[in-house]
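Student: Once you've had a glance at the structure underneath, I'll fire off some questions.
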Amino acid sequence: MKSQNIVNKNINIRMNGQTGNIKAVKQVITESNMVTAFSYLFIGVLVLIVLFPMMHVVSKAFSAEWAINSGSVGILPVGFQTFALNSILKSRNFLIAFGNSLFITLIGTLCTLTLSALTAYPLSMRNLPYMKGFLLLFVFTMYFGGGIIPTYLLYNTYGILNTKSVLILPGLINVFHLLIIKNFYEDIPESIIESAKVDGANNLTIFLKFIVPLSKPVYATIVVFTSVMLWNNYFDPMMYINSPDLQTLPLYLRDMIMKAQDVQAKELLLVDVSAESITAAAIVASTIPILLVYPFMQRHFVKGMTIGSTKG
């Protein structure tokens, strides 16, 4: 009897222990679900905060003048119309500015990516002499600059003021992007490069046939960074461009916003459309190209950000 009581007591202790463990696991799962739900709720609120101004601008682009003037436009168009967008797409000034921005973005992104990728390759080779010194020279330019006036005089000396070159050449190598690519190269296994050298491949062959295909994620990241930066560049065109035929989209949008309340800006309108609607339509039309590029780059962009920027 005593032995049976001892066995029953041990069984009860074990069952109570298992019950406690099950309760603890359920509590952890419940807390985890609450954290997940709170995270989704928090992210959803942030998304709404970001999307609301954008949806408001889009709604203004397709809303009638009376709706905009009365302040009844929210995130959905009121008095739907497409005349504002059609007017922008047929505007000569908009098409010129759009073409200039497109040219500068495409050529500038291609040249910047090519030079940054080529420059980062030797800097990632730790066995080469004096590489740290060269790297310090690049990093030095991130913290110290000549200033606006010396930069303006330098561009004037080289004769690139009031040309498209002044918006492309100075930014051919972005040191921040260069360091991202360099860090990504350093994450590539040395065994791949050593195997290629054993097979007789030179540095150019290794770069083109091994490094470039493996570096698509970080290249996509740099393409997104550079294209957005060039597309939205406002300060440089304002400082170094004077010709209306070389005007870029940011300058065009600035002029549109400044003339939004100008009565003369509405004289060309033959229907009930607000000047604010025209401005909003110009913003929408200038944003579409960047929105179209990002989905194709998103997969590589995320991978490039998580791999290429983890090392200092």
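The values are calculated or read from the model by the stated rules, or taken from the named source; none is laboratory data. Since the model is a prediction, treat every value here as computed from it, not as a measurement. No Cβ is skipped: glycine too gets one built from the backbone with ideal geometry, and neighbour counts run over all protein chains shown.
Student: Please count how many residues of the range 121-138 are at pLDDT 85 or above and over 21 Å from Ile211 (Cβ atoms).
Tutor: Looking only at that region, the number is 2.
Student: Scanning for something under 30 Å from Leu253 (Cα atoms) and touching a helix residue (DSSP H, G or I) at 6+ places or on another chain (Cβ under 7 Å), does the range 112-120 turn up at least one residue?
Tutor: yes
Student: Filter the range 131-160 down to residues that are among the aromatic types (Phe, Trp, Tyr) and over 24 Å from Ile180 (Cα atoms) and give me whichever is surrounded by the fewest Cβ atoms within 10 Å (Cβ to Cβ).
Tutor: Among residues in the range 131-160 that are among the aromatic types (Phe, Trp, Tyr) and over 24 Å from Ile180 (Cα atoms), the one surrounded by the fewest Cβ atoms within 10 Å (Cβ to Cβ) is Tyr158.
Student: Quick check on this structure: which one of Thr114, Thr105 is of a type in the set (S, T, N, Q), out of contact with any Gly (no Cβ under 9 Å at 6 or more places or on another chain) and without any contact (Cβ under 8 Å) to a residue 24 or more places away in the chain?
Tutor: So the residue among Thr114, Thr105 that is of a type in the set (S, T, N, Q), out of contact with any Gly (no Cβ under 9 Å at 6 or more places or on another chain) and without any contact (Cβ under 8 Å) to a residue 24 or more places away in the chain is Thr114.
Student: Ok, one more. From the residues in the range 58-75 that are crowded, with 17+ Cβ neighbours inside 10 Å and under 32 Å from the mean Cα position of the chain (by Cα), which one is nearest to Leu291 (Cα to Cα)?
Tutor: Per the criteria, the residue is Val58.
Student: Would you call Ile173 modelled with pLDDT under 90 and of a type in the set (Val, Ile, Thr)?
Tutor: yes
Quick grid of which residues meet (1) surrounded by 15 or more Cβ atoms within 10 Å (Cβ to Cβ); (2) closer than 16 Å to Glu186 by Cα:
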site	(1), (2)
Arg92	no, no
Ile96	yes, no
Gly99	no, no
Leu106	no, no
Leu110	no, no
Ser116	yes, yes
Ala120	yes, yes
Leu123	yes, yes
Pro129	no, no
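Student: Same structure again: Within the set of pairs 6 or more residues apart or between chains, which connect a residue that is buried (at least 19 other Cβ atoms within 10 Å of the Cβ) inside the range 199-217 to a residue that is of a type in the set (Lys, Arg) with Cβ atoms less than 7 Å apart?
Tutor: Short answer, once both residue conditions are applied: Pro217/Lys303.
Student: Continuing with the same structure: Being within 16 Å of Ile283 (Cα to Cα), among the β-branched types (Val, Ile, Thr) and surrounded by fewer than 19 Cβ atoms within 10 Å (Cβ to Cβ) is the filter here, so list the residues in the range 76-90 that pass it.
Tutor: Answer for the range 76-90, where residues must be within 16 Å of Ile283 (Cα to Cα), among the β-branched types (Val, Ile, Thr) and surrounded by fewer than 19 Cβ atoms within 10 Å (Cβ to Cβ): just Thr82.
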